[in-house]
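Take a look at the structure set out below.
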Amino acid sequence: MLLVTRWITAALRNHTFFSLEELNAKIRELLERLNNRKFKKLDTTRKELFEALDKPALKPLPLNRYECAQWEKATVNIDYHIEVEGHYYSVPYQLVKKHVEVRIAAQSIEVLYSGKRVAIHPRSFQKGKSTTINEHRPKAHQKYLEWTPQGIINWARQTGPATAELVDMIMVTKPHPEQGYRSCLGIITLENKFSTQRIENAAKRALLIKSYSYKSVKSILESGLDSVALVEQQPLPTVNHDNIRGHDYYN
């Protein structure tokens, strides 16, 4: 750069140009002259060295233009998805609970694990929604490719009626049912660690205390509360009093 400044920029300091094209043409002329000028201590020129050394080693330019991107770290959730700006993207299920790097570009989301790309998705700005590649699911989950609330409930019913009722309540209490899929899937996949009977008992307790979440069921199981007998609240007796008019009064 110092050499270019001296031989080109300095040479043009007293010139007046009336267009960018005129300026570029003069710079190109001086640059060609500089590249063909021999070195003081070498019997060759910059152009000759470039042709002999650099040009043979050049590689083709990338097919895609360079694009700015930001990097984040994420932990793969139990439903083999990561969250990026409120949207959920799938990764291979083998990476559950692993830490991954996420490259967020204008049009795409790339996920890398140990320096290798494991997933790429079109970027979505729909919060609370998910983008899932079928191959990322475990084989047992792939038959549920077209997830629907009823499909989730039917799947949970294989564990028991209380589990089905619980996942139904999880989805009902969300602004959109899809936002409850993560908790529902988490409850069902607890079968990898706990028996179906224990999960069913934990679901009954979660329904009783009105705690509709995966974390609640997991906490009940880990603390052993699923084996504690449930004490259901008895309905309070009807109060009879002269000041209570009853519904017939308004007929």
Since residue 42 meets every condition but one in (1) hydrophobic (A, V, I, L, M, F, W, C); (2) in a helix (DSSP H, G or I); (3) at pLDDT below 90, which condition does it not meet?
(2)
Could you go through the range 87-94 and let me know if any residue there is buried (at least 16 other Cβ atoms within 10 Å of the Cβ) and out of contact with any strand residue (DSSP E or B) (no Cβ under 8 Å at 6 or more places or on another chain).
yes
Check the range 171-189 and report whether any residue there is over 19 Å from residue 93 (Cα atoms), crowded, with 20+ Cβ neighbours inside 10 Å, β-branched (Val, Ile, Thr) and not assigned by TED's automatic domain parsing to the domain that holds residue 80.
no
Positions within the range 118-133 being assigned to a strand (DSSP E or B), aliphatic (A, V, I, L, M) and surrounded by fewer than 16 Cβ atoms within 10 Å (Cβ to Cβ), in sequence order
120
Specify the residue that is surrounded by the most Cβ atoms within 10 Å (Cβ to Cβ); the eligible residues are those in the range 64-86 that are outside any strand (DSSP E or B) and among the polar types (S, T, N, Q).
77
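The values are calculated or read from the model by the stated rules, or taken from the named source; none is laboratory data. Keep in mind that what you see is a predicted model, and the values were worked out from it rather than measured. Heads up, the Cβs are rebuilt from the backbone with ideal geometry, glycines too, and the neighbour counts pull from every protein chain shown.
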